[in-house]
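The values are calculated or read from the model by the stated rules, or taken from the named source; none is laboratory data. Since we're looking at a predicted model, the values are computed, not measured. When we count neighbours, we look across all protein chains shown, and the Cβ atoms used for this are built from the backbone with ideal geometry, even at glycine.
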Amino acid sequence: MSPSSSVPVLTIDGPSGSGKGTISRRVAETLGWRLLDSGALYRAVGYAAGAEGLDLSDAEAITRCAEETRIRFQAATDGSDTHVLVNGHDATDELRTETAGAAASAIASIPSVRQALVDMQLAFRKAPGLVADGRDMGTVIFPDAPFKVFLTASAAERAQRRYKQLKEKGLGVTLATLQREIEARDARDASRTVAPLKPAADAVFIDTTGMGIDDVVAKVLAVVRS
Ligand code: DC
């Protein structure tokens, strides 16, 4: 048993737009635990691969890129979102785009790319605890986590939420296109052979359709405090 396995982990898995990012951040803040945004790692690798002009289906090249890309999270000093530095470049805004999400989803289906990111994710497990946000946190990366949640919501509602977020950031996209992209990404994430998007057998399933953020946060905290 590694020393870190005594550190509690709350895994929050689910499809894009299920509210995982916001909920994970709020829950981590409330508990005073660290936060792992694993999607940002896949987005960072996709971004770095794009910057190098690599073919996203070239497994060997993308795996090398995943092994070599330096990814650093930097807490903002002004209360805004954490910044993500990719090979020293602040790529926070680029990583949020739908293009970055689609690239992340594409490279995330390559088993050796997932393997290259395992140790980096395990290293986040430090006292007093960790909230791990992703697709395979409860199934593959932290299967021994004492607390597991799977968040979902209808595709229509998830598209609405993403639409609102992107609009607020001034990024132009239509709702119909977004819903199509979300459904395509879900299908790819759920059907890949390695670490597909699926709830861990011991996860608490929460359908957030029609729920406000505060209610979801309360439900997730209840899982940890129960
Ligand atoms: O959570 P997100 O939207 O930032 O994730 C972007 C993509 O990365 C997602 O479509 C699938 C992939 N991903 C993954 O395969 N495993 C994770 N643990 C997190 C993200």
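Each residue in the stretch 35-59 was checked for being within 16 Å of the ligand (Cβ to nearest atom) and not in a helix (DSSP H, G or I), and 5 pass. Taking the listed residues Ala116, Ala103, the one that is of a type in the set (A, V, I, L, M), within 16 Å of the ligand (Cβ to nearest atom), modelled with pLDDT of 90 or more and out of contact with any Ser or Thr (no Cβ under 8 Å at 6 or more places or on another chain) is Ala103, with no other qualifying.
State whether the residues of the stretch 137-144 include one that is farther than 22 Å from Lys219 by Cα and crowded, with 19+ Cβ neighbours inside 10 Å. Yes, some residue in the stretch 137-144 is farther than 22 Å from Lys219 by Cα and crowded, with 19+ Cβ neighbours inside 10 Å.
What about Arg43, is it at pLDDT 95 or above, out of contact with any Ser or Thr (no Cβ under 7 Å at 6 or more places or on another chain), basic (Lys, Arg) and closer than 25 Å to Lys164 by Cβ? The answer is yes for Arg43.
Residues in the stretch 87-120 that are out of contact with any strand residue (DSSP E or B) (no Cβ under 6 Å at 6 or more places or on another chain) and among the polar types (S, T, N, Q): Asn87, Thr97, Thr99, Ser105, Ser109, Ser112, Gln115. Quick one: would you say Arg180 is basic (Lys, Arg), within 12 Å of the ligand (Cβ to nearest atom) and either part of a helix (DSSP H, G or I) or touching a residue at least 60 places away in the same chain (Cβ under 8 Å) (or both)? So Arg180 fails the test. Looking at (1) of a type outside the set (Ser, Thr, Tyr); (2) touching a Pro at 6+ places or on another chain (Cβ under 9 Å); (3) assigned to a loop (DSSP other than H, G, I, E, B), can you tell me which one Phe150 breaks? It fails just one condition, (3).
Quick grid of which residues meet (1) among the acidic types (Asp, Glu); (2) assigned to a helix (DSSP H, G or I); (3) within 15 Å of the ligand (Cβ to nearest atom):
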position: Pro128; (1), (2), (3): no, no, no
position: Asp133; (1), (2), (3): yes, no, yes
position: Val140; (1), (2), (3): no, yes, yes
position: Arg158; (1), (2), (3): no, yes, yes
position: Arg162; (1), (2), (3): no, yes, yes
position: Leu166; (1), (2), (3): no, yes, yes
position: Val173; (1), (2), (3): no, no, yes
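Just one of the listed residues (Val45, Val27) is buried (at least 23 other Cβ atoms within 10 Å of the Cβ) and over 27 Å from Ala201 (Cβ atoms), namely Val45. Look at Pro199 and say whether it is away from the ligand (no atom under 11 Å from the Cβ), surrounded by fewer than 18 Cβ atoms within 10 Å (Cβ to Cβ) and either of a type in the set (Gly, Ala, Ser) or over 16 Å from the mean Cα position of the chain (by Cα) (or both). Taking the combined requirement at face value, the residue does not satisfy it. Scanning the stretch 2-56 for residues that are in contact with a Phe, Trp or Tyr (Cβ under 6 Å, 6 or more places away or on another chain) and among the hydroxyl-bearing types (Ser, Thr, Tyr) yields a single hit, Thr11. Within the stretch 52-77, the residues that satisfy the criterion of being in contact (Cβ under 8 Å) with a residue 12 or more places away in the chain, within 18 Å of Gly101 (Cβ to Cβ) and either in contact with a Cys (Cβ under 9 Å, 6 or more places away or on another chain) or of a type in the set (A, V, I, L, M) (or both) are Leu56, Ile62, Ala66, Ile71. For first residues located in the stretch 183-208 and more than 26 Å from Val224 (Cβ to Cβ), partners that are outside any helix (DSSP H, G or I) and among the charged types (D, E, K, R) and lie 6+ apart or on another chain with Cβ distances below 8 Å form the pairs Ala190/Lys198.
Selection within the stretch 208-226: residues that are outside any loop (DSSP other than H, G, I, E, B) and modelled with pLDDT under 95. The member of this set that is farthest from Pro8 (Cα to Cα) is Ile213.
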